Each structure stands twice: as C-alpha cells, then as structure tokens.
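Bear in mind that the values in this text are calculations on the coordinates, not laboratory data. It should be emphasised that the depicted structure is a prediction, and the values quoted were computed from it without experimental measurement. FYI the Cβ positions are ideal-geometry reconstructions off the backbone, even for glycines, and counts take in every protein chain you see.
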Amino acid sequence: MAASHSEPRWTVDDVPVSSVRSFAADYSEARDKFLAAARLAGATTYRYDNPTKGPRGESLSTDVARVGADDASKVVVAISSTHGVEGYCGSGFQVDWLATVGEAGLPADTAAVFVHAINPYGFAWTRRVTEEGNDLNRNYVDHSKPYPVNEGYLEIADFLIPPDLSEAGTNAAEAKLAAYRKKVGDIAYFRAVSGGQYSHPDGMFFGGGGPAWSNRTLHAIADRFLKGRGDVSVIDFHTGLGPYGYGEPITHYDIDTPASRRVRAFWGESVTESKRGQTASQARDGLGHYGLGRVLMEPETRLTMCTLEYGTFDRESGQKAFRADHWLHKYGDPLGKEAGPIRAAMRRQFYPDTDDWKEAVLFRGHQITRQAIAGMQHRAV
C-alpha cells in the first residue's frame, strides 16, 4: 500500500470542465481520469494494490485522493465502486468534483478524501461482487460472531442461479420464484433474495466467510485518514434502485437518534431513512454504514453517512442481468464468447451510458456533497 506517483495516460490537459466527459468507458480509463483530476486539484494520492488482475491482465487498485489541510477536523468522503460495476457513476462524479471544485470548495478546517474503486475487481470485471465473490455491502459484519441465517434464501437459491440459462430453464426457475413470492409476500421475498446470505459462496448477495480485501482496505483508509477527526461525512455512490436518474440519499440510523436528526439537518427532506420504511433499500446486515460506524465512533468522531442511490432500470431486468453474471462465473467461462453479452447487460443495468443520466448524476452528486460540507460546519445537531 504505497503512494502513487505513476503518470496516468489521461493527462491533466484533458480533464473536462463539469462535463459528461468526466465518465469513463472502463475501469482503467476511470483510474487514469481520477489520477489526472487529482493532480489538477493538487491532491495527494495513495494507491492500495489489489492482488488480482482485470480481464485484460491489467493491474487493479483502490486509489485515494486527499485535498485540504492534513489536520482538518472535518472531512467529506466520497466512495465509488462498493458494488464494482456501479463505480462508473461514482468515479464520474469524483473526477468532476476534483476537476471543477477542488480545494476552493472547502471551508477552513475541512478536507476531502475521495476513495476511488474500493472494489476494483468488480469494476474491472463488470460485476457487483468482489474477487472473493462477496457482496461488499453484506461483508461488514462482525466475522467473529455467528453469521445471520437467511432461511428464505435457502429455499430459493437453486432457482436464482439455475444451471440452465436457456429460455426453458429460465422460465422454469422464474415459475418457482413466482410461487415462492406468492406464498410469502413481496417483503419476505425481497428479503430472501437480497437481504444477504452466508451459506452459498457462489450465490447472490453472499456476505463472505471473512473480511474481503475491499473491507480491509476501507478500514485501513478510515484508520489513516478519518480516525480522530471531529466530523466525517461519507457519501457512498450506488446505482440500480429508484426512478431513472434520481439520486436518493439513503440512511440507516436508528430512529430519533442524534445521527438520524443530523442527516435531516444535512440533506433535508429528500433524505430517506430505511428504519422508517421510507426506501426500497432496507437496512441489512453487513452494510458499509455499520462497518465504518464501528471504526468512527462518537464522541470522538461524529459520522454522518448516506448511500447516494441513483435509479437506472427496473428490478426485473436487474435480477436477469445479475443472474446471468453469477451463472457465467459459476457454470460458464468468464473469458468465453458468452461473457461479452452478459457483461454488456450488467454495464447497461448499472450504468446507463447516456448524457441525460450522467448530467443528473453530476448535479445531484455536487448538491449532496455541498450539503454535507455545509452540514459539518454546524455542530448544533
């Protein structure tokens, strides 16, 4: 884990001015753009090398850009690629902020720490999971304790990823899932599918049998840059749920706690709280929200965190793409001829590569980040 001094292929002269050009075509280009924008912003960069390679044999890493005073008591954090392929979105915003706002947008005693591609394997391979097959947002559990049991998943695991992806095989699996959904209802069904499970390592939403590399890396970053700060506000960029192009700030704090009141003070009435049942993204075991909360604890540090979730397409198409991706890595050949269409479907589902969607990402990302910075200037809540 060393500071990065390598010259990116994408040069400072090419950094866009608040434009959809902030977004990239793949992981490698995204990293180049991020490092170039960080240089333009005068940021200090650090590299955390991932032990795996990308589909073209390329090296993978998580990169951190830090802007602002080293001893700042307030830090705003933007994280991209918790769910791998969703990194196109967060990376685009990070590049845009560094290129167009930078230190000029930070009040006194405030710094910014941008974590680029916390799950570089998933970003490079166009997957949501890590190299261990983990859903990173189910991996931040206390691994010294017994894992939660998802009884519903045990009933439907074989139908979520059937060995036969033909029309007949898929229809048969869907019929079984529809019957289960009718039996238990929508809430229990979605909890079974996506609530997280710790029994099937090659299944959907697997929380892992230990801390993933990305989990350990985020903890190392928090220890290095965030621990001991008075106020830390984290924005974790995600895609795939909600209306197309809308960025929903989702929080998972207990109701009517100081943190719950603080997110309202930061982000106003648009913020949704999962524990009030206000969002489709429910509080689940193993979220990064809880992992960081165990590292950055009051009264030493006030952590105010949201998931900024951008809508793309419907859940049904998402599940279809997700199923095919898991099938590819369980039964198929990730480098074979079937891989291209499956990766293309995953990319489209979690990154609608259109100017209007990207413009919406930038607008909302800048707004939420600006509100987080302003919120930390007031300690009354």
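At-a-glance table
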quantity: Karplus (6.51, -1.76, 1.60) ³J(HN,Hα), θ = phi - 60°, over the range 56-64, in Hz, Gly and Pro reported as x; calculated: 9, x, 6, 5, 10, 7, 9, 10, 10
quantity: Gain upon complete extension [Arg56, Ala25; 0.36 nm per residue less C-alpha separation]; calculated: 9.7 nm
quantity: The chain: DSSP helices with Cα axial extent of at least 30 Å and average Kyte-Doolittle hydropathy no lower than -0.5; calculated: 355-376
quantity: Cα-based Rg and Dmax for the range 238-334, where Dmax is the largest Cα-Cα distance (Å); calculated: 16.3, 50
quantity: Rounded Å value of the spacing that divides the Cα centres of the range 208-235 and the range 59-126; calculated: 13 Å
quantity: Those lysines that a straight Cα-Cα span of less than 26 Å connects to Lys275, excepting residues fewer than 8 apart in one chain; calculated: Lys145, Lys182, Lys183
quantity: About the Cα centre, charge dipole magnitude for the chain (Lys/Arg +1, Asp/Glu -1 at Cβ), debye; calculated: 460 debye
quantity: Long-range HN-HN contacts of Ala69 with modeled amide H, under 5 Å; calculated: Thr110
quantity: Positive-end residue, the range 50-134 charge dipole about Cα centroid, Cβ charges, pick of Gln94, Phe123, Ile79; calculated: Phe123
quantity: HN-Hα J in Hz across the range 120-126 - Karplus 6.51, -1.76, 1.60, θ = phi - 60°, x for Gly and Pro; calculated: x, 4, x, 4, 5, 8, 6
quantity: q = 0.10, 0.19 Å⁻¹: log10 I(q)/I(0) that the Debye formula gives for the range 159-279, counting C-alpha atoms only; calculated: -0.52, -1.28
quantity: Members of Lys53/Lys330; Lys33/Lys227; Lys33/Lys53; Lys176/Lys320; Lys227/Lys358; Lys33/Lys358 lying beyond 23 Å, as alpha-carbon distances in this model show; calculated: Lys33/Lys227; Lys227/Lys358
quantity: Backbone HN-Hα couplings from phi across the range 239-245 [Karplus 6.51/-1.76/1.60, Hz, Gly and Pro as x]; calculated: 9, x, 10, x, x, 3, x
quantity: The chain: most fluctuating residue of Leu98, Leu287, Leu165 per GNM, C-alpha cutoff 10 Å; calculated: Leu165
quantity: Nitroxide proxy distance, nm - points 7 Å out along Cα→Cβ at Asp158 and Thr44; calculated: 5.6 nm
